[in-house]
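What follows is calculated from the coordinates using simple rules that are stated; it is not laboratory data. All values reported here derive from a predicted model rather than from experimental measurement. Using ideal geometry, Cβ is built from the backbone for each residue, glycine included, and neighbour counts are taken over all protein chains shown.
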Amino acid sequence: MSHFSAVPSEVGDASRLRIGVLASQGDFAAHREMLRSLGAEPVEVRTPEAIEGLDGLVIPGGESTTITKAIERDRLEPAIRAHAEAGRPILGTCAGMIVCDRDHLGLVDAKAERNAFGRQIASFEAELQVEGLGPDPMRAVFIRAPWIRDFGDDVEILATVDGHPVAVRQGQVVLCAFHPELTDDSRMHALLMALATTASERRDHHGSGVGKENDA
Ligand code: GLN
């Protein structure tokens, strides 16, 4: 699972992006390796300090109750919230989708239904067309996955399975019910890095203090 060869050119100056992966529980290592394969510097996050200054953050799949408890135990919530409020992007996958929903961190105005696909089809793969990731469908691995049951006006649906939203975006937060780290298709992580690059450029621009209009 650790051999990812494609480095999309759209990622641009990715070598400087520091992307955190919440490493309390779950499959954070696969995310770390995928981010590394794209040229980012992955950072395993277990403390609030580790979140400061990150360009982006992944909240991985695993067990949402355990991850939520770890966030409380390690007092990570204020730092995650500050990261989001600063316009720095977040990718929540599977359990990470649940952790970011209305009933948990509330980073997206949507309600994720746990284990929504039921016991009989606990795990499956599907070819998914994902809005914003180009025309080629993505092979998506679902493992006891949630779907989005209810969502507000600010939530954009990026992909559905049988009419149920399984990938959504609200501002800089992208949530998917599947595991993009378990295939060699790195477009979801590339999207996070593209959002991180844009956010970082916006900060540099505002931080410069001097308007650069029409300097030609
Ligand atoms: N079913 C898990 C939960 O509810 C999520 C599964 C996953 O992340 N693969 O937390």
- In percent, how large is the relative contact order of the chain, given Cα pairs closer than 8 Å and 6 or more residues apart? 20
- Message: Only Cα pairs within less than 10 Å get springs; with that Gaussian network setup on the chain, which residue of R18, R139, R202 has the largest fluctuation?
- Response: R202
- Message: Between L57, L158, L35, where does the largest GNM mean-square fluctuation fall for the chain, given springs only between Cα atoms within less than 10 Å?
- Response: L158
- In degrees rounded to 10, the 0-90 angle between helix 187-208 Cα long axis and the longest Cα principal axis of the chain is 30
- Where Rh is the Kirkwood radius over the Cα pairs of the chain, the temperature 4 °C and the viscosity 1.567 mPa s, what D in µm²/s does Stokes-Einstein return? 75
- Item | Added length on full extension, which subtracts the Cα-Cα distance from 0.36 nm per residue, E77 to T160 | 27.0 nm
- GNM on the chain, Cα springs under 10 Å; top mean-square fluctuation among V108, V99, V161 goes to V161
- Per its Cα gyration tensor (rounded if a/c is under 1.5, else prolate when a/b beats b/c, else oblate), the range 69-148 is best filed as oblate
- Note on the structure: Asserting the computed 222 nm helical MRE of the chain (DSSP H runs at least 4 long, -39500 (n - 2.57) per run, divided by residue count, to nearest 500) equals -8000 deg cm²/dmol
- Kindly work out what percent of the DSSP beta bridges joining two residues of the chain are antiparallel, to the nearest 5. 55
- Add +1 for every Lys or Arg and -1 for every Asp or Glu among the other residues with Cβ under 14 Å from the Cβ of D150, and state the total. -2
- Simple spin-label estimate for R46 and D103 in nanometres, 7 Å along Cα-Cβ: 3.0
- Query: Which one of L17, G134, F117 is farthest out on the positive end of the charge dipole of the chain, using unit charges on Cβ (Lys, Arg +1; Asp, Glu -1) and the Cα centre as origin?
  - Reply: F117
